[in-house]
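Everything on this sheet refers to the single structure shown next.
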Amino acid sequence: MTVLSLTATSRYATRLVRKAGEPVAATDLIRWLEALDIDAERAQAGVRLATIVGRLEATTDDEQRPCLAIPDEQKRAA
């Protein structure tokens, strides 16, 4: 079991969404983090933290599934 701080998990979630280049379904993002041997509860908490601090924003896709994306102001800064 890999133990990462909540902040590290949050930043890793942000990195995965940025690398995808498009909004990612929340369930897929949690699954990706779990595949990296991050506990499910820690993965969910990390995603919530990234959303709270503004690194990720909640959105929906064409099928109205909850997704996470990089906020526009962060895209311009990168």
In region 35-75, how many are among the hydroxyl-bearing types (Ser, Thr, Tyr) and in contact with a Cys (Cβ under 8 Å, 6 or more places away or on another chain)?
2
Which residue out of LEU49, LEU16, LEU33 is buried (at least 20 other Cβ atoms within 10 Å of the Cβ), within 12 Å of the chain's Cα centre (by Cα) and not β-branched (Val, Ile, Thr)?
LEU33
Considering (1) in a helix (DSSP H, G or I); (2) farther than 15 Å from ILE70 by Cβ, say which one THR51 fails and leave the rest.
(2)
Just to verify a result, which residue in region 1-48, among those that are among the acidic types (Asp, Glu) and part of a helix (DSSP H, G or I), is nearest to ALA69 (Cα to Cα)?
ASP28
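Only the coordinates and a few stated rules stand behind these numbers; no lab work does. Every value quoted in this text rests on a predicted model; they were computed, and no experiment measured them. Don't worry about glycine lacking a Cβ; one is built from the backbone with ideal geometry, like all the others, and counts go over all protein chains shown.
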